[in-house]
Amino acid sequence: MTGMFPMTRLRRTRASAWSRNLHRETVLTPADLIWPLFVTEGAGVEDPIGSLPGVSRWSVDLIAARAREAAALGIPCIALFPNTQAERRSENGEEALNPDNLMCRAIRAIKQTCGDDIGVLTDVALDPYTSHGQDGLIDGAGYVLNDATVEVLVGQALNQASAGADVIAPSDMMDGRIGTIREALESAGHANVQIMSYAAKYASAFYGPFRDAVGSRGLLKGDKKTYQMDPANAEEALREVALDLAEGADSVMVKPGLPYLDIVRRVKDAFEVPVFAYQVSGEYAMIEAAVAAGAGERDALVLETLMSFKRAGCSGVLTYHATHAAKLLG
């Protein structure tokens, strides 16, 4: 290791904690996190979700306290998902249009308590409301109808915006829904309501615990491969993102997260827009299973995986570990 040239030692900058901090290329803070929360009926209800250890459904009267907790930790936004009662589900998902549904009541409760101290992101798709578990209206053969579904999604988005939602997040993957929703929001006086499009949402095996959380797993007839993306495709993701941006999306999402970091990077490089990723329920459950098996340490696993999203180009991450990570980063 001698010679006539200056010795380059990359380990010099790693030799002490202060130097590692100084030379760190990627920074993760609580402001990079969005906390998904599940809402359920009842009063004083905290209902643990068996397949998502450490995650619960909360009744509307308790959901504002979770939002306050997030804001106090520096988390800028929460994402809401309803566990709609079976008797309120229907073939066409009409409950999505009810101004007093679970989602709208939760939005109002949070906004009345927290105001603009935290953002509220709301899911736009029909699977929490349909009796068949699909994200849209279906024909006699079970095929999800695109344009008819978009009409209902527009009403759902307007319903949530009127209740006080800050960000509308269509997760349904119907063609053309971003432009139609954007036009409707503008016409209804909701010009400042953002759209975060689930632009590259894959037909993934990692969604199972989420379907338990919103009560749709046992209802789902068939699969979602006719509208969610094939996991083998990357170029198609860029086409999806391009279309949604052209239609008025303010930001885009890649879902799931860790198995699709290559897609995050390609989208960021191609479009230079805010890109988010959803560290989905199956990813969360795997980390918790590893911890329970003694195969890893939770704090390190959580922070390393979240850092990988930032390194890949994410502006932020939806994660069920949001409050845990925020406390570690605080």
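The values are calculated or read from the model by the stated rules, or taken from the named source; none is laboratory data. Here the structure is a predicted model, which is why all the values come from computation and not from measurement. With ideal geometry, Cβ positions are generated from the backbone for all residues, glycine too; neighbour counts draw on all protein chains shown.
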### Lone qualifier among Ser251, Ser216, Ser171 - being within 20 Å of the chain's Cα centre (by Cα) and at pLDDT below 95
Ser216
### Task
Could you run through region 305-327 and say how many residues are buried (at least 16 other Cβ atoms within 10 Å of the Cβ) and either among the acidic types (Asp, Glu) or part of a helix (DSSP H, G or I) (or both)?
12
### Task
Report yes if Gly140 is more than 24 Å from Lys255 (Cα to Cα), surrounded by fewer than 24 Cβ atoms within 10 Å (Cβ to Cβ) and not hydroxyl-bearing (Ser, Thr, Tyr), otherwise no.
yes
### Task
Kindly indicate whether any position in region 49-57 is within 15 Å of Leu318 (Cα to Cα), of a type in the set (Gly, Ala, Ser) and under 17 Å from the mean Cα position of the chain (by Cα).
no
### Only one of Ala290, Ala237, Ala277, Ala326 that is without any contact (Cβ under 8 Å) to a residue 12 or more places away in the chain and among the small types (Gly, Ala, Ser)
Ala290
### Summary
Contact list, first residue from region 55-72 and acidic (Asp, Glu), second anywhere and assigned to a helix (DSSP H, G or I), beta-carbon distance below 8 Å, six or more apart or interchain, is Asp61/Ala109; Glu69/Thr323
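Going by the conditions given, is Ile110 over 24 Å from Leu243 (Cβ atoms), hydrophobic (A, V, I, L, M, F, W, C), buried (at least 24 other Cβ atoms within 10 Å of the Cβ) and modelled with pLDDT of 95 or more?
So Ile110 passes the test.
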### Query
If we scan region 187-205, do we find a residue that is among the β-branched types (Val, Ile, Thr) and at pLDDT 95 or above?
yes
#### Entry: Residues of region 76-94 that turn out to be closer than 17 Å to Val124 by Cβ and of a type in the set (Asp, Glu), as a count
1
### Query
When residues of region 298-312 are filtered for being in contact with a helix residue (DSSP H, G or I) (Cβ under 7 Å, 6 or more places away or on another chain) and more than 15 Å from Pro256 (Cα to Cα), how many remain?
5
### Task
Collect the residues in region 159-170 that are surrounded by fewer than 21 Cβ atoms within 10 Å (Cβ to Cβ) and free of Cβ contacts under 8 Å to residues at least 60 places away in the same chain, keeping them in residue-number order.
Gly164
### Summary
Selection over region 62-78 where residues are surrounded by 22 or more Cβ atoms within 10 Å (Cβ to Cβ) and in contact with a Ser or Thr (Cβ under 8 Å, 6 or more places away or on another chain) yields a count of 3
### Failed condition for Glu46, given (1) in contact with a Leu (Cβ under 8 Å, 6 or more places away or on another chain); (2) under 17 Å from Thr319 (Cα atoms)
(2)
### Message
Under 6 Å between Cβ atoms, which residue pairs at least 6 apart in sequence (or on different chains) link something in region 94-106 that is surrounded by fewer than 22 Cβ atoms within 10 Å (Cβ to Cβ) with a partner that is aliphatic (A, V, I, L, M) and modelled with pLDDT under 95?
### Response
none
